[in-house]
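Notes to accompany the following structure.
The values are calculated or read from the model by the stated rules, or taken from the named source; none is laboratory data. Here the structure is a predicted model, which means the values were calculated and not measured. Cβ coordinates were reconstructed from backbone atoms using ideal geometry, including for glycine residues, and neighbour counts include every protein chain displayed. Areas reflect the complete protein model, heavy atoms only, side chains present, ligands, DNA and RNA absent. Shrake-Rupley method; radii C 1.70, N 1.55, O 1.52, S 1.80 Å.
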Amino acid sequence: MIKINDNFLNLQEGYLFSIVNKKIKDFEDQHPNKKVIKLGIGDVTLPLCKNVVEEMKKACDEMGDINKFKGYGPEQGYEFLRNKIVEWDYKSRGIELDVNEIFISDGAKCDVSNILDLFDTNNKVAIQDPVYPVYLDSNVIGGRSGNYNKGNDKYNNIIYMPSIEENEFVPDLPKEVPDIIYLCSPNNPTGTALKYEELKKWVDYAKENKSIIFYDSAYEAFITQKDIPHSIYEVDGAKEVAIEFRSFSKTAGFTGVRCAYTVIPKELIGYSKKGEKVLINKLWGRRQSTKFNGVSYITQRGAAAVYTEEGYKQIKRNIAFYMENAKTIRERFIEKGYKVYGGINAPYIWLKLPEGKSSWQFFDELLEEEGIAGTPGVGFGPSGEGYFRLSAFGIK
Ligand code: PLP
């Protein structure tokens, strides 16, 4: 008899955005003449920039040319793109990385969940609360979560690190020491970015405890304040404890094209059951060459076009446009009397709701009264209750 992975039965409800989508669709069906302003789902709305499109067209032509056609590419990604990442995203900020520490993939979503293949199921996991739901769900599927406790809306074996108004959305170091720590900065959904000292505190903690940090900086390109680090490797010693995930999705509008990368420094080690040191970089290379066949050549050529003077200017223009939206949304809700967070180093605005108002209740009211769809904070974790996320991507 075929047995399923029972961990799937341990997942809670449907995926947050499917529920939001359904509610919007029902509203649209009932009010065909009302236009809904969709500030819910974090998808981009501006098209790819011209340079990227032109480069992809050229790559397409090559694929139809008998002398230039390319089949399977390197699983880790083409060097032309990895070299650009090393130069433009890291060297320019004083961080030295080797090209073999960069792994191109088809999305940070896949990488932040696939990376778990490398780690023992008994590792203790800590996540920010609220946060991008994929970290939690992929650990549920992987069997690290323990059972779900309806009483407190938490899994028994996960360390939840509240990131709330009281701690300025910066999680405190947990009392119980985790093996795996997910940090998302700039944060989805709170829009908060960790400062150097805060990041250093985490790096030191991970070093002291031989833990690993999964640092998701999918929104790095949206940082506007000068004192906010763009990479965890700006902190001394971070290469020994952190994997960094980045994506072209929000940076360059690749949500539908699919391209991202993960940085695994050679200094980063894990331990086998026997206590031997193992290079995580090597393990990930092995994992990728076994389960992944690389990102399309055309896509990688498009991504490389971001790292040209003109391409960079174009993506920065789009980002500035979204951040202008963020400012408008922020001001609008401040005027309405809300406490508003985020929207300065991230494309997300995080509203604190009036005492006693549930985030789903606010979702329904805002949709009904103003035709604005956002995302209920509780969908990102129990500490998101009483908050509401608005995305700056929705207006074009
Ligand atoms: N990480 C965070 C924090 C996100 O918010 C998202 C998308 O919303 C992703 C990763 C997914 O990125 P990708 O499109 O590269 O899979």
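Of everything in the stretch 93-141 that is outside any helix (DSSP H, G or I) and among the small types (Gly, Ala, Ser), the residue that is farthest from the ligand (Cβ to nearest atom) is GLY94.
TYR219: modelled with pLDDT of 95 or more, assigned by TED's automatic domain parsing to the domain that holds THR255 and touching a helix residue (DSSP H, G or I) at 6+ places or on another chain (Cβ under 8 Å), yes or no?
Criteria met by TYR219.
Right, GLU310: within 27 Å of ALA221 (Cβ to Cβ) and either at pLDDT below 95 or not in a strand (DSSP E or B) (or both) or not? Answer is yes for this residue.
Out of all the residues in the stretch 339-355, which are out of contact with any helix residue (DSSP H, G or I) (no Cβ under 7 Å at 6 or more places or on another chain) and closer than 24 Å to GLN12 by Cβ? Hits for the stretch 339-355 are TYR348, TRP350.
Taken over the stretch 119-168, the residue count meeting the criterion of being of a type in the set (A, V, I, L, M) and in contact with a helix residue (DSSP H, G or I) (Cβ under 8 Å, 6 or more places away or on another chain) is 8.
The set of residues in the stretch 80-92 being away from the ligand (no atom under 16 Å from the Cβ) and open to solvent by less than 20 Å² (accessible area, probe 1.4 Å) consists of ARG82, VAL86, TYR90.
Can you tell me which residue is nearest to LEU16 (Cα to Cα) among those in the stretch 170-217 that are of a type in the set (Phe, Trp, Tyr) and within 16 Å of the ligand (Cβ to nearest atom)? Residue satisfying both the conditions and the ranking: TYR182.
Listed by first and then second residue, the pairs with beta-carbon distance under 6 Å, at least 6 apart or on different chains, first residue in the stretch 91-112 and at positive phi, second open to solvent by less than 60 Å² (accessible area, probe 1.4 Å), are GLY107/ALA260.
Among the residues of the stretch 133-154, those identified as in contact (Cβ under 8 Å) with a residue 40 or more places away in the chain and closer than 17 Å to GLU385 by Cβ are PRO133, LEU136, TYR148, ASN152, ASP153, LYS154.
Of these, ILE19, ILE41, ILE37, which one is over 23 Å from the mean Cα position of the chain (by Cα), under 27 Å from SER249 (Cα atoms) and assigned by TED's automatic domain parsing to the domain that holds GLY377? Walk me through how you get there before you give the answer.
Working: ILE19 fails: over 23 Å from the mean Cα position of the chain (by Cα); ILE41 fails: over 23 Å from the mean Cα position of the chain (by Cα).
When all the criteria are applied, what remains is ILE37.
Which one is farthest from the ligand (Cβ to nearest atom), of the residues in the stretch 222-241 that are open to solvent by 10 Å² or more (accessible area, probe 1.4 Å) and in a helix (DSSP H, G or I)? Checked the stretch 222-241; the qualifying residue farthest from the ligand (Cβ to nearest atom) is GLU240. I'm checking my understanding of the structure. Among residues of the stretch 253-307 that are in a strand (DSSP E or B) and away from the ligand (no atom under 15 Å from the Cβ), which one is farthest from ASP111 (Cα to Cα)? Result: LYS277. Is it the case that GLU244 is of a type in the set (Asp, Glu), out of contact with any Cys (no Cβ under 7 Å at 6 or more places or on another chain) and either open to solvent by 20 Å² or more (accessible area, probe 1.4 Å) or away from the ligand (no atom under 16 Å from the Cβ) (or both)? Criteria not met by GLU244.
Do you know which residues across the stretch 168-187 are among the hydrophobic types (A, V, I, L, M, F, W, C) and open to solvent by less than 20 Å² (accessible area, probe 1.4 Å)? Spell out the reasoning first.
Residues of the stretch 168-187 that are among the hydrophobic types (A, V, I, L, M, F, W, C), as a first pass: 169-170, 173, 177, 180-181, 183-184.
Hits for the stretch 168-187 are PHE169, VAL170, ILE180, ILE181, LEU183, CYS184.
Listed conditions (1) part of a loop (DSSP other than H, G, I, E, B); (2) within 25 Å of THR224 (Cβ to Cβ) are all met by LEU183, apart from (1).
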